[in-house]
Every structure is written in structure tokens, then in C-alpha cells.
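Participant: Mind looking over this structure? Questions follow.
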Amino acid sequence: MQGNTYPPIARQEPTPTTLHGHILEDNYRWMRDKSSPEVIAYLEAENAYTTSVMAGSEELQAKLYAEMLSHIKETDESVPYRQRGWFYYVRTVEGSQYSIYCRRKANGANFDQAQPEEILLDVNRLAEAQPFMSVGAMAVSPDNTKLAYSTDNTGFRQYTLHIRDLQTGSDLPDTAARIGSVAWAADSRTLFYTTEDEVTKRHDHLFRHRLGDSPESDVLVYEEKDERFNIGVGKTRDNRYLLLEAGSHTTSECRFLSSTTPEGEFKLIAPRLEEQEYSVDHRKGLLYIRTNDAGKNFRVVTAGIETPERDFWEELIPLDVDAPLEDFDVFESFCVCSRRRLGLPTLTVIEFDGVKDLGKSTEIEFPEPVYSAATSMNPEFNTRKLRYSYQSLVSPASIYDYDLQNGTSALLKQQEVPGGFDSSRYASERIWVEASDGVKIPASVVYKRDSFKRDFKNPLYVYGYGSYGYALPIGFSATRLSLLDRGVVIAYAHIRGGGEMGDSWHDAGKMMVKRNTFSDFIAVTEQLVAKGYGARDRVAIEGGSAGGLLMGAVVNQRPDLFRVVLSHVPFVDVMNTMLDASLPLTVAEYEEWGNPNEPEAFHYMRSYSPYDNLKAGEYPAMLVKTSLNDSQVMYWEPAKYVARLRTLKTNDTPLLLHINMDAGHGGASGRYDYLKEIAFDYAFLLKQLGVVD
């Protein structure tokens, strides 16, 4: 396609908003009309301009794509996991964009390759003639004969329910729109599912469906009326109880119902209390409850099925002030505490001694200074093995079984990385940086050994997020090798607002202290440069969604610090979005960002909102990416941001906007298409860093 030589100039139509004595200027509000031919034409013009600027990089993009593809085992199969007499696994086939979900009948306790394969779902077939395809919920019925699953073919995360007869391979007429989570009752004929509000996309209704009945006759079981809360339905690991969970960003509550009496009434465990969260599982007549009622780091209590109220909670595992309890898993004969110590995950296996007493405790050891580890697919309740995943910045993803009988871990599979990968050629470090207020911020660094010297000359790439209490996973990436092999040093900044140190770390970077997130990221970048990890004039940064807000905020504060910026689906129009309660997520996210209808919150949010704080001056090279069907950060936020920045930017560094017209928040859905998007990003980044001509 022939691109445009000059950037498109967006029409300005002032639509100011006055609130709390301040005027919010917005000249591009007209871009919100997705049905407008003018809007679509403008977005297509932006794509054409981006194509024009990127002309000449096609060979590099193709080379990067080929490299990344060479490091991926295209025909592959996951480690099978056992559930109710079947082994389930996922496989991919060379040349196919999507996964194939399969199972084989178990031969006793063993996976038997000789057993015939049964394909539950071939996503490639679902994707035929579709520009986008994503599978959401998946649940096999207790009698193993039916599969409830949901699909989205636009990227707007609006899923449709389907039920497949696994004996015939055909879908039943039973269906529902805008669904979220699903759970089967014990009779395998009753299915519970949640639905979302069409406008705000808040999951607020729970329905009960009986197979064969018209969807119009489905019974409304529960409606969540508090706009801050979303609901979800699931089951305890022993499958005895259905769980109806309601949660906001800071508060939760749970109800339960015997899976054998689906027409009964869900019983409330403990009513919601502001700033208190809890999650629930069941074993031998006891509810096991992970809760922060005694402190931010969570503890575990138990309660009887007949007396689940707070007054009857008994402490099982106390709060640890130094190690937040991130998750808690319950099995027939043991439990697992997933904690974080100094920002790194730990897994502790504790055996039960009788009904409720705890016995032997073992912490699984991990060999590297920087890594990710978590419990993996463990649907079986009665087992003496714990399956967990492990990976690091230099070690590919691995699946282990920890055997409680002998206290050892067995490697089941490490992801194969073709193309000559040798992990010993790479090294990783964990460093600590002092923030502007003296708090120590961790950062994880990876580089290629033979090209790295702390000589202040390396191209440096820093990634950040820092919101929602989400802890950046320190995982292996085959695509990242294309940067490392060209001498780029890569760092991940574990800034406040994330969850690396538990809820208190999240609290220290949200609401009225959100600016800590931005100053932390700047401090990490400055210190990496000061310590010689990167060259002062060769720093690239990247973030997406709330991490895109981070990109916009730090660039506004310190445009001189960065050479190039990759900003994906960025949440940059903070004020206009958070003032529009009709948009998805807005009201629920008052607990993350604040409510701008309140004067103090308004002025604080206004102080960092990227769109509202753009000013005339020089800016780094920027590639801003979005998707037309994004349901979380609407396409118009990055479009407006780029349009306004073009009127203020005084230097000639590239400012590009790329819009995927057939995708949503996560970009392209096909694995090959997604690799091409990464190759496009890397080509821009490497060229701007001077790594390639």
C-alpha cells in the first residue's frame, strides 16, 4: 500500500468541559464516533502515514519475523493434565494460527498415547472467515460428555456461549450472549453463567440454564447492583460446591451452593466490608478462606459449612508481615501457600494432619536470582503431586510435578527453543534502585553475556506497568532474543502500583499517590543508565494499557530521558474517560484512580493525565498502537493523544499511530499475525536506537 508522505492533520472542534473551576480542553472529542466515515478515514490515514514512515524497514521486519519464528516450536503439545479419568492437553500445528484443545482417555493413572485422541475444540476451524477469534470460558461437564465454551470474533471481548456435545462433536442450540464465566452443576444438565451489561461491560447477572430449554427461560439467580462490583461463578476444587464471587478492586464477598442442588439458593459466607477481600475453597466440610481482614498480607482461616460467618472463623495460617500471601490452594491431603518475598514468588507445600491440623511444611527451592513460579493446572483434588510452572528471563517455561511422597520435583517439560538457543549465553540480575522518597524499587535485568559491558554504551530497553496490583511476570520470551542478540539490555521496572510486594505495594502507587508509579520508573531508568547498563542517549521504553498511561506520564515529565517509546493501547485520556460513567470499567475503577467528580481527586488526576499535560517541546520517537475494537481502552484515546501531540511537538522525531482495524485490547489473535506485530515494533525500536541503519 502506498503511504502518505505527511502526517494527517486532525480537524479541531473545541468541546471544553468545566468542572471544579477548571476547564478541560478537548478539540478531538468528535473521534469517539466509531460509525463516522470521517473517523474511519482519519484512522486509515494514520495507518497510511505509518506505512510511509516505515517504508524501507520491510526487509528488517521480515528478518525479525523469521528469527522469532525460528525460535518457536510450531508443532507442539502441552503437558497433559488429568481430570475425571481423562488427560487434557493443547497442541499447535505448523502453519496454523490457533490452538487445538484435545483429550485422551486415561489408562489408569497414566497418559497413554495409544488411546485415541478426541478434539474438543479446534480454534482454527472457529476462526475460518473471521478476522479475529478468541476463546474465553471453557468447562467440561462432570459426566465428561459436554463442553461449555465461549467465543469472541471481534476483539471487543463480547463472548457468546456455545455448548458442544463431545460424543457427536456438534454444538447444541443452547446459547447466550455477552457471557463471562461458566460452571456446571453435578447433574451435567444445569449450567450457570454470568453476563455483562451491554454498555458498561460489567458482569452483573448470574443465570441458571437447563440443557434443552430456551435461553429466554433461563432463570436469573443473582443481580449485582453496585456498579463497582463484577461477579463470577466457579467451583471448589473438590467440585462439591458452586461459588458465586462478587468483587471490586478493594472489596469482595462470596456465596456457595451445593453442586448437587442447583435449584437451591446460594448462601452468603460473609457480607462485604469495605477494603476487605476474601476467596474460598472447600475440604472435608470446612471452608478455607484467604482473607486480608487482619492485614494487607492476608491470612488463612477456616469455617464450617453450617457456620461460615466471620464470627466463626478460626485462624489456620497467620499473616506474615514480610511475605504477602498471594494465593492459597487446597487439596485432599495438602495445601499450598504462594507468597512473595522481596518481590519474588515462593511456593510452600503444607501437608494436612487429620481434618484441619497442619503437618509437614516444605518450601520448593528455585535456582535463579530472578524468576517466576506458580501452581499450574491442578484440577485433581485427590492427589499427592503438585504441578507448578517455573521460568526466568534466561530459562524457558518449564512444568514440574512436586511429589509429596519423596519431596522431589520432576521436570515434565521445558519449552523447546529451536534455532540454536543456549541459555548459558545470557545472564539475568536483580538490582535495587532508590526512589525519590528513599523507597527501594526492584528491577530485573537480562542481557547477552558476550555483548554486555557496563560501559555506558549499550542500547537499553525498559518495560513497566505499575497498576492494579499486577506483578510483572519475570518470564522467558523467545521473541526477546531478537533484541538481546543485537546487544540490547532489557530491564523490567517493578514500580509501585504493581503487586510485587503485595497489596501495600499496590496501595503505594494508586489513587492519591499514583505519581509514585511515574517517579519510580524514572528513577529506575536513571539508575540503570548511571550504573552503566545503558547509554544515556539510547534508552527505549515500553508499556501497554495502564502501562501506556505510564509511558505518557513519564514522557511528559522527562522527554529528555528517552530516545524511543512504544505505547500499546495506552490509557492516556484519563480525565475524559473517568468522567464518563457510561464507558466500560469507569465506575469500578474509581478505586484505582479516584473519582474525578470529587474536587481533590480531580485536581490530582489532572496533574498527571498524559493527554491533558501535553505541552510544546521536543519529544522522543514514538510508536503508539491501538485497536478499533478495544473494549478496555477505547481507540479514540491514543488517536486523540497523537493528534494533539502533533500540534505541540517541535522536533522531527517520528510520531506514529497504528490502528489494528480487526482486533481488540490484546492485538492480533493469530499467533503468526501477533509475531508480525512484534517484528514491526522491534524494527521501529532498533532503527531509532541506532542498532540498525
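The values are calculated or read from the model by the stated rules, or taken from the named source; none is laboratory data. These numbers were taken from a predicted model, which means no experiment stands behind them. Virtual Cβ from ideal backbone geometry, glycine too; neighbours counted across all protein chains shown. These area figures cover heavy atoms from the full protein model, side chains too; ligands, DNA and RNA do not enter into them. Shrake-Rupley method; radii C 1.70, N 1.55, O 1.52, S 1.80 Å.
Participant: Once the dipole of the chain is set up with Lys and Arg at +1 and Asp and Glu at -1 on Cβ about the Cα centre, which of Ala148, Val90, Ala176 lies farthest towards its positive end?
Facilitator: Farthest along the dipole direction, towards plus: Val90.
Participant: Mean shadow of segment 401-543, computed from the convex hull of its alpha carbons, in nm²?
Facilitator: 10.7 nm²
Participant: While we're looking at this one, here's another question. How many Å² of accessible area per residue for segment 277-341, probe 1.4 Å?
Facilitator: Per-residue accessible area for segment 277-341 comes out at 37 Å².
Participant: Kirkwood hydrodynamic radius (Cα pairs, Å) of segment 1-120?
Facilitator: That comes to 20.2 Å for segment 1-120.
Participant: Quick one: what do you get for segment 306-350 if you divide its Cα Rg by 2.2 N^0.38 Å?
Facilitator: 1.35
Participant: Report the Cα-based extents of segment 209-251 along its three principal axes, largest first, to the nearest Å.
Facilitator: 39, 29, 10
Participant: Need the C-alpha centroid separation for segment 414-484 versus segment 279-327, integer Å.
Facilitator: Spelled out, the Cα-based centre of one part sits 36 Å from the other.
Participant: With angles folded into 0 to 90 degrees, how steeply does helix 671-688 sit against the dominant principal axis of the chain? Use alpha carbons for both and round to 10.
Facilitator: The answer is roughly 30 degrees.
Participant: Restricting to segment 428-503, compute how many DSSP beta bridges are antiparallel as a %, nearest 5.
Facilitator: Antiparallel: roughly 65 percent of the beta bridges in segment 428-503.
Participant: I would also like to ask the following. Work from the charge dipole of segment 395-545 (Cβ charges, +1 for Lys and Arg, -1 for Asp and Glu, about the Cα centre) and give the residue of Tyr400, Tyr533, Asn516 farthest towards its positive end.
Facilitator: Result: Tyr533, furthest along the dipole toward the positive end.
Participant: Additional query: Ignoring ligands, DNA and RNA, please state the percent of accessible area on segment 364-488 from carbon and sulfur, probe 1.4 Å.
Facilitator: The C+S portion of the solvent-accessible surface of segment 364-488 is 47 percent.
Participant: On to the next question. With +1 on each Lys and Arg Cβ and -1 on each Asp and Glu Cβ, how big is the dipole of the chain about its Cα centre, in debye rounded to the nearest 20?
Facilitator: 1540 debye
Participant: Under 14 Å from the Cβ of Arg425, count the other residues' Cβ atoms, weight Lys and Arg +1, Asp and Glu -1, and hand me the total.
Facilitator: Every neighbour counted, the sum reads +1.
Participant: Ok, one more. Pull up all non-local amide H partners of Val433: gap of 5 or more, or a different chain, and H-to-H distance under 5 Å with H placed in the peptide plane.
Facilitator: Placed amide hydrogens put Ile441, Ala443 under 5 Å from Val433.
Participant: How big is the Kirkwood radius of segment 295-454, worked out from every pair of different alpha carbons and given in Å to one decimal?
Facilitator: Kirkwood hydrodynamic radius for segment 295-454: 18.3 Å.
Participant: Which whole-Hz ³J(HN,Hα) couplings does segment 153-158 yield from phi under the Karplus relation 6.51 cos²θ - 1.76 cosθ + 1.60, θ = phi - 60°, glycine and proline marked x?
Facilitator: Computed from phi, the couplings for segment 153-158 are 10, 10, x, 7, 6, 10 Hz.
Participant: Another question, if that's okay. From the Cα gyration tensor of the chain, with a ≥ b ≥ c the square roots of its eigenvalues, which class applies: rounded if a/c is under 1.5, or else prolate if a/b is larger than b/c, or else oblate?
Facilitator: Rounded is the answer for the chain, as its axis ratio a/c remains below 1.5.
Participant: Let me ask you something else. Would you grab the residues whose amide H sits under 5 Å from the one on Ala137? Only those 5+ places off in sequence or on another chain, please, with H modelled 1.01 Å from N.
Facilitator: Ser150
Participant: For Lys453 and Gln113 in the same chain, what is the full-extension length gain: residue separation times 0.36 nm, less their Cα-Cα distance, in nm?
Facilitator: 117.5 nm
Participant: Here's another thing I want to ask about it. Provide the per-residue ³J(HN,Hα) series for segment 575-585, in order, calculated from phi with Karplus coefficients 6.51, -1.76, 1.60 and θ = phi - 60°, each as a whole number of Hz, with x at glycine and proline positions.
Facilitator: 5, 5, 5, 6, 8, 10, 5, 7, 7, x, 6
Participant: Okay, next question. With both bridge residues required to lie in the chain, what share of the DSSP beta bridges run antiparallel, to the nearest 5%?
Facilitator: Around 85 percent antiparallel, to the nearest 5.
Participant: Given an 8 Å cut-off on Cα distances and at least 6 residues of separation, report the relative contact order of segment 87-191 as a percent.
Facilitator: 17 percent
Participant: Separation of segment 588-603 and segment 1-40 by C-alpha centroid, Å?
Facilitator: Cα centroid of segment 588-603 versus Cα centroid of segment 1-40: 24 Å apart.
Participant: Taking segment 97-166 as the region of interest, what is the percent of Cα-Cα pairs per 10 angstrom bin, listed from the shortest bin to the one with the maximum distance?
Facilitator: 18, 45, 27, 10, 1
Participant: Give a residue-ordered list of calculated ³J(HN,Hα) values for segment 429-443 (Karplus: 6.51 cos²θ - 1.76 cosθ + 1.60, θ = phi - 60°; whole Hz; x for Gly, Pro).
Facilitator: My calculation for segment 429-443 gives 9, 10, 10, 10, 10, 8, 6, 4, 9, x, 5, 7, 10, x, 9 Hz in order.
Participant: Which value in deg cm²/dmol, rounded to the nearest 500, describes the helix-derived mean residue ellipticity at 222 nm for the chain, given -39,500 (n - 2.57) per DSSP H run of n ≥ 4 and division by the residue count?
Facilitator: -5000 deg cm²/dmol
Participant: At a Cα cut-off below 20 Å, give the lysines reachable from Lys296, other chains included and same-chain residues fewer than 8 away excluded.
Facilitator: Here the lysines satisfying the reach criterion relative to Lys296 are Lys440, Lys510, Lys514.
Participant: Kindly provide log₁₀ I(q)/I(0) values, in the same order as q = 0.19, 0.29 Å⁻¹, from the Debye equation applied to equal alpha-carbon scatterers of segment 433-489.
Facilitator: So the normalised log intensities are -0.86, -1.25.
Participant: Local charge sum around Val199 (other residues, Cβ-Cβ under 12 Å, Lys/Arg +1, Asp/Glu -1)?
Facilitator: Once positives and negatives cancel, what remains is -3.
Participant: Hey, another quick one. Quick check: net charge around Ala471, other residues with Cβ under 13 Å of its Cβ, Lys/Arg +1 and Asp/Glu -1?
Facilitator: 0
Participant: Also: Roughly speaking, what is the centre-to-centre gap between segment 338-378 and segment 499-513 when only Cα atoms are used, to the nearest Å?
Facilitator: The distance from the Cα centre of segment 338-378 to that of segment 499-513 comes to 23 Å.
Participant: With an 8 Å Cα cut-off and a minimum separation of 6 or more residues, compute the relative contact order for segment 178-268 in percent.
Facilitator: Relative CO of segment 178-268 lands at 22 percent.
Participant: Tilt of helix 546-557 relative to the longest C-alpha principal axis of the chain, in degrees (0 to 90, nearest 10)?
Facilitator: It is inclined by approximately 30 degrees.
Participant: Same structure again: Return one number: the angle in degrees, 0 to 90 and rounded to the nearest 10, between the long axis of the Cα atoms of helix 58-70 and the longest principal axis of the Cα atoms of the chain.
Facilitator: 20 degrees
Participant: What share of all Cα pairs of segment 175-278, in percent, falls into each consecutive 5 Å distance bin?
Facilitator: 2, 13, 24, 25, 19, 11, 4, 1, 0
Participant: Follow-up question, since we're still on this one. Over the chain, calculate the relative contact order: mean separation of alpha carbon pairs under 8 Å at least 6 apart, over the residue count, as a percent.
Facilitator: 10 percent
Participant: With a ≥ b ≥ c taken as the square roots of the eigenvalues of the C-alpha gyration tensor of segment 286-387, please select rounded if a/c is under 1.5 and otherwise prolate if a/b is larger than b/c or oblate if it is not?
Facilitator: Verdict is oblate for segment 286-387.
Participant: In the P(r) worked out for segment 456-498, what percent of Cα pairs fall beyond 16 Å?
Facilitator: 44 percent
Participant: Same structure, new question: Please report the antiparallel percentage of the DSSP beta bridges confined to segment 543-693, to the nearest 5.
Facilitator: If I count the DSSP bridges inside segment 543-693, around 5 percent turn out antiparallel.
Participant: Starting from the Cα of Lys284, draw a straight line to each of the aspartates and glutamates and keep only those under 16 Å, dropping any in the same chain fewer than 8 residues away.
Facilitator: Asp238, Glu306, Glu314, Asp329, Glu332, Glu351, Asp353, Asp357, Glu380
Participant: Segment 230-350: percent of C-alpha pairs farther apart than 17 Å?
Facilitator: 56 percent
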